[in-house]
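Engineer: Quick one: this structure, given as structure tokens, is what I'll be asking you about.
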Amino acid sequence: MTTSIAVHDLSHRYGGVEAVSGISFEVAAGEIFGLLGPNGAGKTTILESILGLITPDEGRIAIGGIDARDDLWAVRAITGAALQATGLQDKITPREALDLFAAFYPAPLRTDDLLTRFGLMEKAGARTETLSGGQKQRLALALAFVGAPRVLVLDEPTTGLDPQMRRDVQDHVLAMKDSGRAILLATHDMEEAVRLCDRVAVIARGRIAATGAPRQLMAEHGGNLDDVILHLTAP
Ligand code: ATP
């Protein structure tokens, strides 16, 4: 198995707040790895460190074997991301945004295909500021997929989507996995974690409390995945 994301001993503080400490895990090509845990556990800090959006105090991170500190652009060329607060220019349209992002990648997907796949064709020429919350979310996901990246980082990808679109987005994520991509996602949706994730890490107060396949963790701790998280993250 090829390791696509390797995180070793990651720690980061915001001022006096220890956000994450001693975080290590690997995600293989063709694997979906989930980060689970309560609000403030440190999931976003991990994702932002991996994307080079924050510089962690300690630790090593390699994407496709490349350390972002050595070559951030090489890492960005093989990575797609949809974060909770993806900043989009209000006046740009979905078609313009997708064409613009496509220009950064060597073999991008076709804008029309993405607009259709993410239910945005009707809004292709509308200013982003006029899109609904769910439509903006779908555009952020389409932008993460546009480069057909080897590595995908998704922060709560289906929060705020209607059930049909949630299912569709999950199917796209599974299709990306089947085509050999490594996918790291944070989610609060336990059904989603069970449906999508090969393995998950439960994060509690900035540390990994447990790692394993969702069904393995449920078998070990009893109950459903919500129960497992409550048990592992109890103060
Ligand atoms: P959520 O599920 O609510 O998105 P999370 O697991 O993604 O939470 P983080 O956003 O990584 O958690 O936050 C981890 C800790 O770091 C929290 O205590 C949070 O308050 C703190 N933190 C995050 N960003 C900052 C910041 N910019 N300045 C100060 N503290 C921060």
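Engineer: Give me the number: length gained by fully extending L100 to I54, i.e. 0.36 nm times residue separation minus the C-alpha to C-alpha distance, one decimal in nm. Don't skip to the end; give the middle numbers.
Structural biologist: Working: separation 46, 0.36 × 46 = 16.56 nm, distance 2.40 nm.
Stretched fully, the L100-I54 segment lengthens by 14.2 nm.
Engineer: At 1.4 Å probe radius, can you tell me the per residue accessible area of the stretch 11-142 in Å²?
Structural biologist: Working: 6420 Å² over 132 residues.
The answer is 49 Å² per residue.
Engineer: With both partners inside the chain, how many of the DSSP beta bridges are antiparallel, as a percent to the nearest 5?
Structural biologist: Values: 20 of 37 bridges.
Counting only bridges with both partners in the chain, antiparallel ones make up about 55 percent.
Engineer: What nm distance separates the two modelled labels at V194 and D90, each placed 7 Å from Cα along Cα→Cβ?
Structural biologist: Calculated label separation equals 4.3 nm.
Engineer: Calculate, for E220 and R110, the FRET efficiency according to 1/(1 + (r/R0)^6) with r their C-beta to C-beta distance and R0 45 Å; round to the nearest 0.05. Mind dumping the intermediate values first?
Structural biologist: Numbers: r = 44 Å, r/R0 = 0.99.
With R0 = 45 Å, the Cβ-Cβ based efficiency is 0.50.
Engineer: Report in % the part of the accessible area of the chain that belongs to carbon and sulfur, leaving out ligands and nucleic acids; probe 1.4 Å. All intermediate terms of the calculation are to be shown ahead of the outcome.
Structural biologist: Details: 5440 of 10930 Å².
Here it works out to 50 percent.
Engineer: On full extension of the chain, what length is gained from R167 through A234, given 0.36 nm per residue of separation minus the C-alpha to C-alpha distance? Mind showing how you got there, number by number?
Structural biologist: Working: separation 67, 0.36 × 67 = 24.12 nm, distance 3.06 nm.
Extending this stretch completely gives an extra 21.1 nm.
Engineer: Assigning unit charges at the beta carbon (Lys, Arg +1; Asp, Glu -1) and nothing else, what dipole magnitude in debye, to the nearest 20, does the chain show about its Cα centre? Don't skip to the end; give the middle numbers.
Structural biologist: Numbers: 23 positive and 30 negative charges, 52 e Å.
So the dipole magnitude of the chain works out to roughly 240 debye.
Engineer: Give the total of Lys-Lys pairs in the chain with Cα-Cα distances below 23 Å; include a pair only if its members are 8 or more places apart or on different chains. Don't skip to the end; give the middle numbers.
Structural biologist: Details: K43/K136; K43/K177; K91/K123; K91/K136; K123/K136.
Eligible lysine pairs with Cα atoms under 23 Å apart amount to 5.
Engineer: Right, next: Checking the a/c ratio against 1.5 first, then a/b against b/c, what shape does the Cα gyration tensor give for the chain? The partial results should precede the final answer.
Structural biologist: Working: a/c = 1.69, a/b = 1.39, b/c = 1.22.
Here the chain falls in the prolate category.
Engineer: How much length would be gained if the chain were fully extended between W73 and R127, taking 0.36 nm per residue of separation minus their Cα-Cα distance, in nm to one decimal?
Structural biologist: Numbers: separation 54, 0.36 × 54 = 19.44 nm, distance 2.89 nm.
Length gained between W73 and R127: 16.6 nm.
The values are calculated or read from the model by the stated rules, or taken from the named source; none is laboratory data. Predicted, not measured: the structure shown is a model, and the values here were computed from it. Cβ: placed from backbone, ideal geometry, glycine included. Neighbour counts: every protein chain shown. Ligands, DNA and RNA are excluded from the accessible area calculation, which covers all protein heavy atoms including side chains. Shrake-Rupley method; radii C 1.70, N 1.55, O 1.52, S 1.80 Å.
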